[in-house]
Amino acid sequence: MTDHDHNETDIKKLANQVALVTGGGRGLGRVYAQALAMAGIAVAVVARSTQQVEETVTQIRASGGQAVAIAADVSDQQAVTQVIVAIEEQFGPVDLLINNAGIASPLGPLWESDPEEWWRSMEINVRSVLLCSRAVLPSMIARRRGRIINVASGVRPIPYMSAYNISKMSLIRLTEILAAEVQAFGIHVFALGPGFVRTAMTEYLVESTCGQKWLPWGIKRFEEGRDVPSDHSVQLLMHMASGEIDALSGRYIEITDDVAQLIQQVETIKQEQLYTLRLHKLNYG
């Protein structure tokens with residue numbers, strides 16, 4: 001199958017669906033929203049900044065896509081409830097949820113971190129996923145269809161990024177559990193690892209005073225051109241959104257993974273519980 005054929009198939013599968021993209025005002029969220037809209041999906045772009053979500057939607061509409069801008073804090077339960085009502089009034093029930101909202105601060109040793117700022121990272125990176133997933137699932141369950149994609153990372157421990165690392169890694173476990181809970185209803189859940197993409201967030205990591213102090217490897221990556229192009233994770237997102245890899249529901253898949261190989265090896269992946277969080281222990285014989 002050529003890329004062109006693959007894209008055509010994806011577009012047919014995705015047309016007329018409704019997507020909610022959190023953190024859609026900039027960075028990867030904006031790129032994901034644009035890609036989904038170009039595939040014929042009606043996209044609700046949600047983030048805290050009114051200006052940023054409106055910019056994303058203006059760009060989508062200029063390219064002939066369908067989108068609505070909603071400014072809201074997705075870590076706030078009442079706000080999320082209102083977001084879902086607004087989307088259903090405008091487009092209908094959500095078929096595809098992209099949990100992308102996230103912040104990377106605070107940086108530095110745990111004992112020097114402001115506990116309020118540290119916990120705020122958990123609120124935005126984890127609570128938002130709980131609230132948005134919980135809000136869209138009843139309708140998905142009733143219709144026996146739907147997909148949730150959690151933008152995650154954190155399999156490898158990164159010193160001085162504990163709040164981000166822990167919050168994003170917890171989404172991998174949440175993906176596993178939620179996928180098992182909704183499997184009977186024809187709903188699929190994925191964790192997507194986009195890699196180190198140049199966005200406002202990663203630029204903050206490398207350019208801020210604390211980022212330069214605690215994460216010197218970040219600026220080195222940029223200087224050496226080792227940041228990941230955003231289109232790599234867009235391609236992975238489309239594989240997940242189109243249903244092409246539904247058999248891998250519950251797994252954490254990164255942009256470095258070969259999707260064609262994964263599809264061929266599904267049974268092995270399931271038997272050996274690959275692409276999941278597991279603790280390796282000594283075999284005592």
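None of the figures in this text is laboratory data; all of them are computed from the coordinates on show. Source: prediction; values computed, not measured. Cβ placement follows ideal geometry from the backbone for every residue including glycine, while neighbour counts extend to all protein chains displayed.
The mean sequence separation of alpha-carbon pairs under 8 Å and at least six residues apart, normalised by the residue count of the range 131-276, gives a relative contact order of 26 percent. Among the trypsin sites (Lys or Arg not before Pro) found in the range 91-184, those both in a DSSP coil and sparsely packed, with 13 or fewer other Cβ atoms within 10 Å of their Cβ, are ARG144.
Ignoring the sites themselves, the chain has its longest run without GluC sites (Glu not before Pro) in a DSSP loop having at most 15 other Cβ atoms within 10 Å at 1-223. Taken one residue at a time, the phi angles of the range 88-100 give Karplus couplings (6.51, -1.76, 1.60, θ = phi - 60°) of 5, 5, 7, 10, x, x, 6, 9, 9, 10, 10, 7, 10 Hz. Gly and Pro are set to x. Pairwise Cα separations in the range 86-142 fall into 10 Å bins from 0 onward with the following percentages, short to long: 20, 38, 23, 14, 5.
Near ILE255, the amide H atoms lying under 5 Å from its own belong to GLY193, GLY195; only residues 5 or more places off or on other chains count, and H is placed 1.01 Å from N. Farthest towards the positive end of the charge dipole of the chain, among the residues ALA37, VAL228, GLY195, is the Cα of GLY195, using unit charges on the Cβ of Lys, Arg, Asp and Glu. For the chain, the equivalent ellipsoid derived from the Cα gyration tensor has semi-axes of 27, 24, 20 Å, listed largest first.
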